[in-house]
Amino acid sequence: MSYYKIADLEQYFKHYKKSVREPRKFWSKIAEENFTWYQGWDKVFDFDFPKGEIKWFVNAKLNITKNCIDRHLSKRGDKTALIFEPNNPSEEAQRITYNELYIKVAKTANVLKSLGIKKGDRVCIYLPMIPELAISMLACARIGAIHSVIFAGFSDAAIRSRVEDCNAKLIITADGGFRGDKSIKIKEIVDKAIENVTSVEKVLVVKRTNEQVAFNPLRDVWFNDLYQDANDTNIAEIMDAEDPLFILYTSGSTGKPKGMVHTTAGYMVQTAYSFQNVFNYNDTDVFWCTADLGWITGHSYILYGALLNGATTVLFEGIPTFPNPSRYWDIIDKHKITHFYTAPTAIRSLMTADYSYVASHNLSSLRVLGSVGEPINEEAWHWFNDFIGKKRCPIVDTWWQTETGAILIAPIACVTPTKPTYATLPLPGVQAVLMDDKNNEIKGNQVMGSLCVKFPWPSIARTIWGDHERFVKTYFSDFPGTYFTGDNALRDEVGYYRITGRADDVVIVSGHNLGTAPIEDAINQHPAVAESAVVGFPHDIKGNALYGYISLKLEGTSRDKDNLKKEINQLIADHYGPIGKLDKIQFVTDLPKTRSGKILRRVLRSIALNQLDNFGDTSTMINPEVVKNIIANRL
Ligand code: WTA
């Protein structure tokens, strides 16, 4: 393992150089020494970047769950794999060992098989953060079905578009879910989502709340009934390195979400490698990532990266403020958490709670802290460092994306000196570059530009499900010869990266990557609305919040504006999910547009930010008079 784990900064630079000069040797050694394969590869990689064609470990055969579970059984069978901390602290936590996880995954895999699910079939999973969510994902991977987890905060319309896009044959869901002091009718949402969706043959329902639910005997099946009688061994399906492992939807700049497709071997190798190194993971550690499994952070670091390393990983069903704002700190002390990986928005919200919630805790088990999902502001960084890490735990500010599969830029805990608000250095294998508008690489330090990566890495997404053209256009066209991240960044005097924000129409709200287009689509369904444009603006807790500029149809102009605002936010909650609700709604007479009718969001973004002195190039605007009006009435 010595080659795998980076021990000091000198070794980091050595590995980084090797990964650039000899990428084949670098990755094949890691892949060979640390995983179980049915058959090795003919070629380490093969790619044509401009065409978005990428393959890693060509023709190798494996099953990721053998690597996550089976190979640990002889040494770590009795070690806890998953700790489940329920929403309500009065409900007992569950500890699931690797031996038990094997049985649970095998049985669930057999349940899926009994429902006719085969290699290559798509299975959507809409479950709260309960063990069955992790187990279902692994069970799909076990039999070669492609899982697509839908975050349990999404609405029925958002579920429907995802289920239809990937033609899912099965949906795994629950009767309901607990969240804080609420109980959520999950099954009801799914029923509504898949009304008349013909691809869905069965709905597998896990019991969580035990509330009465509508049950369609022709379509719905109780998970627990089938599980009880299922066989507890399962021979893992032999998968090709490039067989899809999962689809995970992420926002794009059009209304339709992008189903990012991740394949098996490259994703496995890099999530495991990054987990080990970024978090300086040791065998006795207890790792807690507070993300939801429905996001990439959950996939890669609650589940796959952690289990591939034989780690103990925590699954938390609840929210940070229930029953009170000390819940995170309670859990850290209770389970002796060593690694706490969370989002800046959670830190900012807990910072505002009374300090006594933190002070009454020991927190001495903590060794490494992590941040993900959005830029962490300086104040939050220092609070996290001083009061949670007590200045003894490195903070790894990890930059990556659904598309990248694994962390690409981050400090290596205990190795890379950290710097507040900086994701610091690219990991070995990641050839990060900054590009200018003319597609030239900006060399040297103390520079800013568009963040791109000029060489493929093993865990990069391979395509957008059903739309490879969109994949090429979105990621490989703006800066030909590179992968464009959609982010802007700067590189400081020592080569550290700081991500400065998105370059496109994606807004990160409370760490959730939201596309403004589907939110606008929801708003535009209101009969009184003519048009809308949604942009982000800075928010103390959420990082960004949403500002909607909405023009009304003539018949809407006489409506009561407060009621209209409520109706519009309700529409967003119904069609997109409550996370997309607008904090500010400004009704406008018209939106600034180009000659070709494109809304000038850049101008609206500047107005929301109160940056009124320079709107950049507005020569293509046909209606500059509306801008004055919008500024005069800005909220
Ligand atoms: C942003 C989440 C600054 C960035 C893993 C990226 C960050 C988008 C950081 C991807 C960070 C993520 N510092 N910004 N440490 N991490 N981002 O796909 O804009 O949900 O492009 O993946 O989040 O969000 P996604």
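Across the options Pro578, Ala522, Ser606, the greatest Cα extent toward the positive end of the charge dipole of region 506-632 (unit charges at beta carbon of Lys, Arg, Asp, Glu) belongs to Ser606. Asp613 contributes about 140 Å² of solvent-accessible surface, heavy atoms of the protein only, 1.4 Å probe. Each peptide in 490-498, 57-65, 301-309 was scored by the mean count of other Cβ atoms within 10 Å over its residues; highest first, the order is 301-309, 57-65, 490-498. On a per residue basis, the convex hull of the C-alpha atoms belonging to region 506-632 measures out at 111 Å³. Relative contact order for the chain: 13 percent, from Cα pairs under 8 Å spaced at least 6 residues apart, divided by residue count. What the Cα convex hull of the chain gives, in volume per residue, is 157 Å³. Across region 506-632, Cα pairs under 8 Å and at least six residues apart give a relative contact order of 23 percent.
Here the chain is assigned +1 on the Cβ of each Lys and Arg and -1 on the Cβ of each Asp and Glu. Its dipole about the Cα centre then comes out at about 840 debye. For region 314-443, just say rounded, prolate or oblate: build the C-alpha gyration tensor, square-root its eigenvalues into a ≥ b ≥ c, call rounded for a/c under 1.5, and beyond that prolate if a/b exceeds b/c, oblate if not. The shape class here is prolate. With θ taken as phi - 60° and the Karplus curve 6.51 cos²θ - 1.76 cosθ + 1.60 applied, the whole-hertz 3J(HN,Hα) list for region 529-545 is 8, 8, 7, 8, 9, 10, 9, x, 9, x, 9, 4, 9, 7, x, 10, 10 Hz, x standing for glycine and proline. A DSSP coil position with no more than 10 other Cβ atoms inside 10 Å describes none of the chymotrypsin sites (Phe, Trp or Tyr not before Pro) in region 149-231.
With all protein chains kept in place, the per residue accessible area of region 183-314 amounts to 34 square angstrom at a probe of 1.4 angstrom. In terms of packing, defined here as the mean over residues of other Cβ atoms within 10 angstrom, the peptides 25-32, 47-54, 344-351, 244-251 line up highest first as 244-251, 344-351, 25-32, 47-54. Label separation (Ala359 vs Ile541): 2.2 nm, computed from points 7 Å beyond Cα along the C-beta direction.
Which of the pairs Lys17/Lys336; Lys17/Lys443; Lys104/Lys187; Lys5/Lys334; Lys553/Lys593 have their Cα atoms more than 26 Å apart in this structure? Pairs exceeding the cut-off: Lys17/Lys336; Lys5/Lys334. Listed by chain and number, the lysines whose C-alpha is less than 20 Å from the C-alpha of Lys473, apart from same-chain residues fewer than 8 away, are Lys51, Lys55, Lys256, Lys258, Lys438, Lys454, Lys598. For region 430-480, the set of trypsin sites (Lys or Arg not before Pro) satisfying both a DSSP loop assignment and a count of at most 16 other C-beta atoms within 10 Å is given as Lys438, Lys443, Lys454. Relative to one another, the C-alpha centroids of region 262-306 and region 575-613 are positioned 37 Å apart. When both region 5-42 and region 51-123 are represented by their alpha-carbon centers, they are found 25 Å apart.
Shown for region 333-400: the carbon plus sulfur share of the solvent-accessible area, taken with all protein chains present and a 1.4 angstrom probe, equals 54%.
By the helix-only formula, in which each DSSP H run with n ≥ 4 contributes -39500 (n - 2.57) and the sum is divided by residues, the chain has a 222 nm mean residue ellipticity of -8000 deg cm²/dmol.
First compute the accessible area of region 506-632 with a 1.4 Å probe, then give the percent of it belonging to carbon and sulfur atoms. With neighbouring chains kept in place, the figure for region 506-632 is 49 percent. Among the aspartates and glutamates, which fall within straight-line cross-link reach of Lys565, defined as a Cα-Cα distance under 17 Å, with same-chain neighbours fewer than 8 residues apart omitted? Candidates past the 8-residue exclusion: Glu520, Asp521, Glu531, Glu555, Asp574, Asp583. In the full protein context, region 506-632 carries 46 Å² of accessible surface per residue, based on a 1.4 Å probe and ignoring ligands, DNA and RNA. Measuring only protein heavy atoms, the 1.4 Å probe finds Met621 accessible over about 20 Å². Here region 506-632 is assigned +1 on the Cβ of each Lys and Arg and -1 on the Cβ of each Asp and Glu. Its dipole about the Cα centre then comes out at about 160 debye. For region 139-147, 3J(HN,Hα) computed residue by residue from phi via the Karplus equation (6.51, -1.76, 1.60; θ = phi - 60°) reads 5, 4, 4, 4, 9, x, 7, 9, 8 Hz, glycine and proline entered as x.
The values are calculated or read from the model by the stated rules, or taken from the named source; none is laboratory data. Predicted model only: the values in this text are computed from it and were never measured. Every residue, glycine among them, receives a Cβ derived from its backbone with ideal geometry; neighbour counts consider all protein chains shown. Protein only, heavy atoms only, side chains kept; ligands, DNA and RNA dropped before computing areas. Shrake-Rupley method; radii C 1.70, N 1.55, O 1.52, S 1.80 Å.
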